[in-house]
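What follows is a short report on a single structure.
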Amino acid sequence: MAVSSPVRSEPRSAAPRSGATPVDTAWLDIARVAAMVAVVLLHAAAPVVTGGYTDFGTATWWTANAIDSMLRWCVPVFIMISGALLLKPRQEGLRSFYQRRFSRIGIPLVVWSAVYLSLELFYRGGLTWSDVPARLFSGSPELHLYFLFVLAGLYVLTPFLRLITRYASTRMLWWFAILMSGLGLVDEAIAAFQGIGEPNAVTRFLPFVGYYVMGYLLRETRLSARSTWIAGGVFVAVTAVTALGVGAFTLPAQSITAPAGYLYDYLSVNVVIMSVAAFLLLQSLGSRWRLFTDPDRDTESARRWLKTFSDLSFGVFLVHLIVQRELRALTGLPDDALLMTATVLVQTVAVIAVSLVITALLRRIPGLRATV
């Protein structure tokens, strides 16, 4: 794929005093919002894939499988965005960095782990007090909260990774990213197929270091129009391979088998390729979105709204599963491909809207702002 070489430099423009996101980095906010929407949509369709609302192999199941397969880039792109923003070499002491970052991630990790575990203990059922330590030490107190443990681990390494990005050549950085990605891929394959080496709260982040460094390396890459089409073709092809592969491994057993689960995993070979393609597509298309980047008109208002949604996306990620489960309990998911798709889309819009309101309210309440 023909691309320009990554340039390790600071974005050209500083954030305006108005609070609007800078033109040069608007695509990162677009990517963050897109990844947030993808996470919510993925969680809306996933129960159909696991057979909770239809039989394996029906048109409804295949449609949900296609949606699921198309969205597997969401979490890796979140991590790549963090790498793009945080791995730029800069003068910042360890104490200052850790205070800022762990107030941002540590408080939500503690609070939302307590919230979701309490809901399971006292409301949803299925969890006992003796199960709580295992959930916490596994680094996955709830379906999506493992992501906070991943971020926390990456933040621990960030000041030291900045030394590497400061002094290493681009070539060496790419070899480092490829090496760490390769180790993550092997680790996941061993865990998926041999059941050995399950991650825990301390180690969950390690397989994702490759994504983190690649986000930094790819942040200034600019695709030509032809390369953008190629990246789009790669994305579509990998989506098809994932969906067909999951179907091939699932239907004979009438359950999500280990090979099928591996194809969905964020550290499978296919999802790594998809995630890099998605990151480059979001960068290429986002940097060309004239609503935010047109130099011949005033785009400040649009960029201010974009920054607002981007800033709220982390809170939406944290909150959405509560809203989504309650809404799904009320509406269910129909066993019809078209109706299921429509229901999933409507639920996603509703969940994001409600989660945005909740997040915005929490950010206005002293003492709770830090939780989102």
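The values are calculated or read from the model by the stated rules, or taken from the named source; none is laboratory data. Nothing here was measured: the structure is a model prediction, and the numbers come from that model. Please note: Cβ atoms are built from the backbone with ideal geometry, for glycine as well, and neighbour counts cover all protein chains shown.
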Self-check item: Count of residues meeting criterion [in contact with a Pro (Cβ under 9 Å, 6 or more places away or on another chain), of a type outside the set (Lys, Arg) and buried (at least 20 other Cβ atoms within 10 Å of the Cβ)] in segment 219-248
Solution: 1
Quiz item: Out of the residues in segment 152-172 that are touching a helix residue (DSSP H, G or I) at 6+ places or on another chain (Cβ under 6 Å) and of a type in the set (A, V, I, L, M, F, W, C), which is surrounded by the fewest Cβ atoms within 10 Å (Cβ to Cβ)?
Solution: 152
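What helices (runs of 4 or more DSSP H), lying completely within segment 86-178, carry at least 3 residues that are among the hydroxyl-bearing types (Ser, Thr, Tyr)?
Working: elements: 94-119, 132-138, 146-167.
Counting at least 3 such residues, we get 94-119, 146-167.
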Quiz item: Between residues in segment 288-302 that are within 20 Å of residue 221 (Cα to Cα) and residues that are modelled with pLDDT of 85 or more and in a loop (DSSP other than H, G, I, E, B), which pairs lie under 6 Å by C-beta distance while being six or more apart or on different chains?
Solution: 292/299
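Residues checked against (1) modelled with pLDDT under 95; (2) among the charged types (D, E, K, R); (3) closer than 18 Å to residue 138 by Cβ:
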residue	(1), (2), (3)
178	no, no, no
188	yes, yes, yes
192	yes, no, yes
195	yes, no, yes
212	no, no, no
218	no, no, no
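Out of the residues in segment 284-306 that are of a type in the set (Ser, Thr, Tyr) and in a helix (DSSP H, G or I), which is farthest from the chain's Cα centre (by Cα)?
Residues of segment 284-306 of a type in the set (Ser, Thr, Tyr): 284, 287, 293, 299, 301.
From the residues that got through so far, the ones that are in a helix (DSSP H, G or I) too are 284, 287, 293, 301.
Details: 284: 18, 287: 20, 293: 24, 301: 27 Å.
Per the criteria, the residue is 301.
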Quiz prompt | Flag if residue 129 is at pLDDT 95 or above and either surrounded by fewer than 20 Cβ atoms within 10 Å (Cβ to Cβ) or of a type outside the set (Gly, Ala, Ser) (or both) | solution = no
Practice problem: Search segment 245-272 for residues that are assigned to a loop (DSSP other than H, G, I, E, B) and pair each with any residue that is polar (S, T, N, Q) when their beta-carbon atoms are under 8 Å apart and the residues are at least 6 apart or on different chains. | Solution: 256/50; 256/250; 257/250; 266/275
Quiz prompt | residue 124 being closer than 30 Å to residue 167 by Cα, at pLDDT below 90 and out of contact with any Leu (no Cβ under 7 Å at 6 or more places or on another chain) | solution = no
